[in-house]
Each structure stands twice: as structure tokens, then as C-alpha cells.
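Data block below; observations after.
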Amino acid sequence: MTKLINGKEFADKLCDKLASEVLSLHSQGVEPCIAVILVGDDPASHVYVKNKIRRCEQVHIRSLEFRFEDTISEQALLEKIEDLNGDSKVHGILVQLPLPEHINDSAIIAAISPAKDVDGFHKESAGALMLGQDGFVPCTPLGSLMLLGDVLPTLSGLHAVIVGRSNIVGKPMASLLLAKNCTVTIAHSRTQNLPDVCKQADILVAAVGKPELIRGGWVKPGAVVIDVGINRVMVNDAPKLKGDVCFDEVKDIASAITPVPGGVGPMTIACLMYNTVEAARKQAG
Ligand code: NAD
């Protein structure tokens with residue numbers, strides 16, 4: 001029978017554990033703190049930030065929210081980050097993406113101190129992950145790996161196919177699975193015969209942003225399927241979230257699958273908490 005991978009439940013358990021670790025840090029005089037920067041009025045970004053701040057409260061992490069109009073200059077944003085880099089009470093800095101077009105995302109991410117890069121997007125963090133060195137791992141792939149570890153006794157030798165090659169999901173996911181001794185294939189928009197490539201996967205990770213792209217016939221019986229996609233679609237005039245995997249077709253073919261919502265999404269925020277606690281612990285020595 002197919003296992004439904006309950007990311008919400010896993011994330012709640014992880015956050016309970018982190019909450020007691022944070023209380024223990026408090027008793028040692030360390031108060032983990034994250035600064036969240038939000039630019040403009042993109043509704044989805046506001047929802048993401050609200051959810052992150054709510055989780056911080058549950059985990060007793062102090063959160064500072066800085067909101068700016070979308071007219072803010074890149075220079076002003078860089079100066080804010082520089083201030084936060086120098087503030088020893090702030091352990092993690094998160095800049096909610098996307099940023100307005102006149103601001104260069106890469107320059108902003110590069111300005112965050114790698115020690116406070118709890119999103120794991122800085123090139124130093126990306127390089128460390130690639131080289132198998134210590135550093136912050138982007139939250140979505142980290143959460144996906146935790147879910148995989150929960151359903152598979154070992155990942156070693158399994159063929160993992162990742163659909164999507166973004167810097168925040170596909171590429172770091174590939175590095176993580178390679179480090180676990182998977183044979184890794186990265187598929188993308190130019191991949192030929194995508195259904196055949198997917199069908200070879202023991203582990204199939206979909207991070208594309210195309211609702212229900214992955215069909216039942218693309219999945220090897222018994223594969224574990226991690227659906228990272230979050231797509232807002234209208235169903236019978238009502239907004240609904242859909243993954244990149246056609247859940248109804250795949251659910252009886254895979255041995256385990258993450259639902260959308262309630263799969264990878266909650267793990268992303270839980271792993272942000274995890275990285276922030278790690279950042280505080282490291283900075284406190
Ligand atoms: P992205 O747009 O940066 O990258 C998408 C990737 O998909 C690209 O590498 C592209 O080559 C590939 N692609 C596009 N069309 C394709 C096709 N037809 N066939 C094969 N590959 C194709 O997206 P992203 O930031 O990596 O996000 C991917 C999805 O994951 C989105 O739905 C996003 O909302 C979701 N997401 C979810 C979480 C979470 O917390 N669950 C976090 C980040 C992203």
C-alpha cells in the first residue's frame with residue numbers, strides 16, 4: 001500500500017524538538033534570532049513570511065521583520081543587510097524572494113554573511129554543499145532529504161531522478177542525494193524523453209512549477225515520489241494548490257508520496273528553524 005508521507009506531522013515533531021533546544025539555549029544566555037526582510041507587496045511572499053514568523057513563535061525563536069516599499073534602492077537594502085551582519089544578536093538573515101526587478105537578487109544574497117545565511121542561498125553555502133563541507137543547506141531540499149530518510153532505510157545505490165535544476169531546489173537536492181551515494185540524474189526543460197528518464201527513478205523528486213506534469217505512466221512501481229511543486233490553479237472556480245505530480249494517478253504506483261499541500265511545504269519552514277538554531281549555536285560557540 002502506498003505510504004502518504006506526512007510532512008506536516010514530521011515538521012511539527014522537528015519543531016517540538018527544536019523548541020526544547022531553543023529553551024536550553026535561552027538558559028545559556030543565547031536567544032536564537034532571525035531577521036526577515038520583505039520588499040514590496042507580493043501576496044504570496046506576505047503569506048510565506050507570516051507562516052515563517054508564526055513558526056518562529058512556536059519554536060521560541062525571536063524574529064525581526066523588516067518591510068520595505070518596492071521602491072527601495074539596492075544600495076539601501078545592502079546597507080540594511082550590512083547592519084544585520086554586524087548585529088551579534090541576529091543569527092540568521094532571510095531575504096524573501098522574489099525581489100523587485102531593479103534589485104539584483106544575487107548581489108543581495110552575496111551580501112549576507114555566510115554565517116547568517118540560514119536560507120543556504122549564498123555561493124559559499126552552495127560551494128560547501130557541493131564539496132561536502134560544513135555549511136547551510138537550502139531548506140526545501142534539506143526537508144525533502146529528511147522525509148526520504150524517514151521512508152527509506154538507506155539511499156545508497158538508489159537511482160534518484162530530480163526534475164528541475166534551480167539553485168534553490170534541484171541542484172542542492174542533487175548534491176545531497178549524491179552525498180548519500182545515490183546515482184543522480186538531473187532532468188530539466190531541455191531533457192529529451194522525460195517520461196522515460198523519470199521511469200528509471202527509485203526516487204523521483206519533482207521541482208518544476210508545472211501543475212501535474214508527472215503522470216502515472218512516468219513512475220516506476222514502488223518508487224518514492226517527492227513533490228516539491230506548489231502551483232496555484234483554479235478548480236471549479238475555486239483556488240487550489242497542486243503539485244508537479246498528478247497525485248491521483250501516481251498514488252497507487254509509488255510506494256510512498258508527499259501530498260501537496262502537507263508534504264514538502266511544512267518541511268521548508270521547519271528546516272529554516274533548524275538552520276537558525278544551528279546558526280545561533282555556531283555563533284555562540
Ligand atoms: P524554477 O522555476 O527556478 O525552476 C524550475 C525548473 O524546472 C527549471 O530548472 C526548469 O529547467 C525545469 N523545467 C521547467 N519546465 C520543465 C519541463 N516541462 N520539463 C522538465 N523540467 C522543466 O523553480 P523552483 O524555484 O525550483 O521551484 C519549483 C517548484 O517548487 C515551484 O512550483 C515552486 O513553487 C516549488 N517550491 C516549493 C517549495 C516548498 O517549500 N515546497 C520551495 C521552493 C519551491
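Structure summary
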quantity: Verdict on Ala270 being open to solvent by less than 30 Å² (accessible area, probe 1.4 Å) and in contact with a strand residue (DSSP E or B) (Cβ under 6 Å, 6 or more places away or on another chain); calculated: no
quantity: Pair list, Cβ < 7 Å and 6+ apart or interchain, from region 133-158 residues that are under 21 Å from Pro114 (Cβ atoms) to residues that are outside any helix (DSSP H, G or I) and away from the ligand (no atom under 13 Å from the Cβ); calculated: Phe136/Asp117; Phe136/Val118
quantity: Subset of region 107-134 (residues that are open to solvent by less than 50 Å² (accessible area, probe 1.4 Å) and farther than 20 Å from Val36 by Cα); calculated: Gly127, Ala128, Leu129
quantity: Residue match in region 191-206 (condition: over 15 Å from Pro141 (Cβ atoms), crowded, with 20+ Cβ neighbours inside 10 Å and away from the ligand (no atom under 15 Å from the Cβ)); calculated: no
quantity: Scope region 22-36; condition over 24 Å from Asn85 (Cβ atoms) and open to solvent by less than 50 Å² (accessible area, probe 1.4 Å); matching residues; calculated: none
quantity: Candidates Ser24, Ser73, Ser88, filtered to the one that is hydroxyl-bearing (Ser, Thr, Tyr), at pLDDT 95 or above and in contact with a helix residue (DSSP H, G or I) (Cβ under 8 Å, 6 or more places away or on another chain); calculated: Ser88
quantity: Pairs with Cβ under 8 Å, 6+ apart, first in region 13-29 and in contact (Cβ under 8 Å) with a residue 12 or more places away in the chain, second aromatic (Phe, Trp, Tyr) and in a helix (DSSP H, G or I); calculated: Leu14/Tyr274; Leu18/Tyr274
quantity: Residue that is nearest to the ligand (Cβ to nearest atom) [pool: residues in region 207-248 that are surrounded by fewer than 16 Cβ atoms within 10 Å (Cβ to Cβ) and of a type in the set (D, E, K, R)]; calculated: Lys210
quantity: Hits in region 46-83 (condition: β-branched (Val, Ile, Thr), assigned to a helix (DSSP H, G or I) and surrounded by 14 or more Cβ atoms within 10 Å (Cβ to Cβ)); calculated: Val49, Ile53, Val59, Ile81
quantity: Selection from region 249-263 of residues that are under 18 Å from Asp202 (Cα atoms) and open to solvent by less than 10 Å² (accessible area, probe 1.4 Å); calculated: Val250, Ala254, Ala256, Ile257, Thr258
quantity: Considering residues of region 164-185 that are open to solvent by less than 70 Å² (accessible area, probe 1.4 Å) and touching a helix residue (DSSP H, G or I) at 6+ places or on another chain (Cβ under 7 Å) only, the residue farthest from Cys271 (Cα to Cα); calculated: Thr185
quantity: Qualifying positions in region 94-131 - under 17 Å from Asp42 (Cβ atoms) and not in a loop (DSSP other than H, G, I, E, B); calculated: Leu94, Val95, Asp105, Ile108
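To keep it simple, each residue is scored yes or no on (1) closer than 13 Å to Ile34 by Cα; (2) open to solvent by less than 50 Å² (accessible area, probe 1.4 Å); (3) among the small types (Gly, Ala, Ser).
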{"residue": "Asn85", "(1), (2), (3)": "yes, yes, no"}
{"residue": "Gln96", "(1), (2), (3)": "yes, yes, no"}
{"residue": "Asp105", "(1), (2), (3)": "no, no, no"}
{"residue": "Val137", "(1), (2), (3)": "no, yes, no"}
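The values are calculated or read from the model by the stated rules, or taken from the named source; none is laboratory data. Nothing here was measured: the structure is a model prediction, and the numbers come from that model. All Cβ positions, even for glycine, are placed from backbone atoms using ideal geometry, and neighbour counts span all protein chains on display. The area values use the complete protein model at the heavy-atom level, side chains included, leaving out ligands, DNA and RNA. Shrake-Rupley method; radii C 1.70, N 1.55, O 1.52, S 1.80 Å.
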